[in-house]
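Quick notes on the structure that follows.
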Amino acid sequence: MRLAVREALLGFRRAPMLSMLSITTIAFSLFAFGLFSLVALNIRSTLSAMESRVEIRAFLSDSTTPESIAAAMGDIGGFKEVARVEYITPEQALERARLELGEFKDVFEAGFLPASLDVRMREGYRDPETVKKVADRVKVYDFVDDVRYGEEWVQKLYSIRNVATAAGIILGLAFAAVSIIVIGATIRMAVMARSREISIMRLVGATDGFIRRPFLIEGLVKGVLGGAFALLLTRVASSLISRYFIQTEFFDTRLALLGLLGGAVIGVVGSALSVGRQIRRVQ
Amino acid sequence: MTVIRFANVSKEYPRTGVALHDVSFNVNKGEFVFLTGPSGAGKSTILKLIYFDELPTRGDVWVSSTRSKGVSRKEISLLRRKLGVVFQDFRLLEDRSVEQNIAFALDVIGTPQDKIHAKVSRLLGQVGLSSKATSMPRELSGGEQQRVAIARALANDPVVLVADEPTGNLDDRATRGVFQLLREINAAGTAVVMATHNLDLVKRAELRVLEINRGAIVYDTDDEKRRTPELTP
Ligand SMILES: Nc1ncnc2c1ncn2[C@@H]1O[C@H](COP(=O)(O)OP(=O)(O)O)[C@@H](O)[C@H]1O
Ligand SMILES: [Mg+2]
């Protein structure tokens, strides 16, 4: 093991430029993932803050009897997507409107706003599609005049999140592919530079696994360094965005560790993909 | 007990064609065998077949308990831990000291770190180079470099030592010294198979000789002994 670590460190010294290039491309790969995950993460937390307020409001016609209202509340409250159904009288609606639009409170008069049923969705059922489905089911009651739900921009945030996720995955994978190619080239050179050592190792009975190990360790170290570099870049990007655009939240420790792990995986996989083939060329 | 067994072994190389044709012989535990014959005869090929650097095209090679037919890379690695191999060109790592070269081999075969230093000292003592432990290979004479290579080959405590023209680059005095060392190693129980051009050495030694020519064994002193039983005790 000590030998393997020593050989791995030697690899850095032998090809510092290529090693840096490997680390940088790994970092860019994870930075692309990270930046877009950050966007997705922040949109998600915005969404969930809003989502907890997501409700379907069914406006009721004036002539609705208390019995039908009670029956409808029972029905709707029984939907598995629904957390709570609340009856809002015209007076309460007025009160709420006055609270929300403080300075215009004199504009509203009693009876101006209709009564409504406010339906709150259970967590996990707050995405636009489910909300729309439930809204459609609420709409079927005769005494429901109109149903309002999910604003358009919620929908927009969702699509931004999806685009950000897709862009992150595509860019991240592209950089990952580049870093794997660079790692492959590095290993090719390193194997050539060490061909004498490798053939002596063979001669005294080293197994392929043993010969491969320093290269994998080198890949692992590069990957973790690349991951750390990417985290740093993402952190800087996050604080820049917070300072000049909007307040963002950064990854928690678990996600940050996931980034390092991602780097480790790229480094090791990249090395493993080429080292076997390369060391077999040395006899 | 047989440690090397060639059974009707033929070897063809992709471009140059037949290098060995139907070669059969055995080497017993603790035996010393010379391989002689002109350049290109097939001596190195026989040695490569012994340490499984090449595999036979036809026939079968057994070394220790490993058989060439169907052998895996892993089995080859494990077999090599029972062998020592030295070459004409020493094949030392130029950027490491004498002791580091030997420690490298011990490290590769998984010797515990705390045992390595003592073992390196013992091996250097065995080849008479205790005073050169921290020298770099280029600071040594050819004979000394070959001794380092032999010490490295002994790191495994090999059953068989394979030597391909080990004195080919050495002057007479160094040749005698290295050969003497190989005899000592052999006397301690290791079988030695040594390819050489040095007929003087072969004649004076009175050891078993396999003469190779054009990929075949043309002469084996053992066969002669068998034909003249009065010579065997
Ligand atoms: N790796 C190889 N590829 C192709 N031909 C080879 C190879 N090694 C040896 N040969 C050929 O096999 C024959 C025997 O070579 P070798 O065993 O090296 O002879 P020696 O050691 O007796 O001089 C020669 O004709 C040589 O050209
Ligand atoms: Mg030869």
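For B:Thr134 and A:Val5, the FRET efficiency from 1/(1 + (r/R0)^6), where r spans their Cβ atoms and R0 equals 30 Å, is about 0.85. Pairing chains B and A buries close to 2000 square angstrom of accessible surface in total, based on protein heavy atoms and a 1.4 angstrom probe.
Highest GNM mean-square fluctuation among A:Leu203, A:Leu35, A:Leu157, for chain A modelled with Cα contacts below 10 Å: A:Leu203. The value for the stretch B:91-157 of Rg(Cα) / (2.2 N^0.38 Å) is 0.97.
Here the Kirkwood formula, the inverse mean of 1/r across different C-alpha pairs, assigns chain B a hydrodynamic radius of 18.3 Å.
Other residues whose C-beta falls under 14 angstrom from the C-beta of A:Ala27 contribute a net charge of +2, scoring Lys and Arg +1 and Asp and Glu -1. Global dimensions of the stretch A:55-148 from alpha-carbon coordinates: Rg and Dmax equal 13.9, 40 Å. Remark: chain A carries 55 Å² of accessible area per residue (probe radius 1.4 Å; ligands, DNA and RNA excluded). In the Gaussian network model of chain A, springs joining C-alpha atoms below 10 Å, which of A:Met121, A:Met20, A:Met201 carries the largest mean-square fluctuation? With Cα springs under 10 Å in chain A, the top fluctuation among A:Met121, A:Met20, A:Met201 is at A:Met201. Determine the share of the protein assembly as shown's accessible area contributed by carbon and sulfur atoms, expressed in whole percent, with a 1.4 angstrom probe. On the protein assembly as shown, the fraction of accessible area on carbon and sulfur atoms equals 56 percent. Each Cα pair under 8 Å and six or more residues apart adds its sequence gap; the mean of these over the residue count of chain B is a relative contact order of 28 percent. Each semi-axis of the equivalent ellipsoid for the protein assembly as shown is √(5λ) with λ an eigenvalue of the Cα gyration tensor; in descending order they amount to 83, 25, 17 Å. Along the stretch A:37-46 the Karplus relation, 6.51 cos²θ - 1.76 cosθ + 1.60 evaluated at θ = phi - 60°, assigns HN-Hα couplings of 5, 4, 4, 4, 4, 5, 4, 5, 6, 4 Hz to successive residues, with x for each Gly and Pro. Interface residues of the stretch B:78-94, defined as those losing at least 30 Å² of solvent-accessible heavy-atom surface relative to the isolated chain (probe radius 1.4 Å), are listed as B:Arg80, B:Arg81, B:Arg91, B:Leu93. For the peptide B:49-56, the mean number of other protein chain Cβ atoms found within 10 angstrom of a residue's Cβ is 1.
Using the empirical formula 2.2 N^0.38 Å as the baseline, the Cα radius of gyration of chain A reaches a ratio of 1.58. Only lysine pairs 8 or more places apart or on separate chains count here, and in the stretch B:1-100 those with Cα atoms under 20 Å apart total 10. Helix content alone sets the calculated 222 nm mean residue ellipticity of chain B: runs of n ≥ 4 DSSP H residues at -39500 (n - 2.57) each, divided across all residues, give -11000 deg cm²/dmol. With contacts taken as Cα pairs under 8 Å at a separation of at least 6 residues, chain A carries a relative contact order of 32 percent. Over all other residues within a Cβ to Cβ distance under 9 Å of B:Ile102, the charged ones net out to +1, with Lys and Arg as +1 and Asp and Glu as -1. Loop sites by DSSP among the chymotrypsin sites (Phe, Trp or Tyr not before Pro) of chain A, restricted to those with at most 13 other Cβ atoms within 10 angstrom, leave A:113-244 as the longest stretch without any of them.
Think of a 1.4 Å ball rolled over the protein heavy atoms: the stretch B:91-157 then has 41 Å² of accessible area per residue. For chain B, modelled as a GNM whose springs connect Cα atoms under 10 angstrom apart, the maximal fluctuation among B:Asp53, B:Asp172, B:Asp223 occurs at B:Asp223.
Put simply, what bits of the stretch A:169-208 lose 20 Å² or more of accessible area when the other protein chains are there, versus the chain on its own (1.4 Å probe)? Residues of the stretch A:169-208 that lose at least 20 Å² of accessible area once the other chains are added: A:Arg196, A:Glu197, A:Ile200, A:Met201, A:Arg202, A:Leu203, A:Val204, A:Gly205, A:Ala206, A:Thr207, A:Asp208.
The values are calculated or read from the model by the stated rules, or taken from the named source; none is laboratory data. Small disclaimer: the values here were computed from a predicted structure and weren't measured. Counting neighbours? That spans all protein chains shown, and the Cβs are built from the backbone with ideal geometry, glycine included. Surface areas here come from the heavy atoms of the whole protein model, side chains and all, with no ligands, DNA or RNA. Shrake-Rupley method; radii C 1.70, N 1.55, O 1.52, S 1.80 Å.
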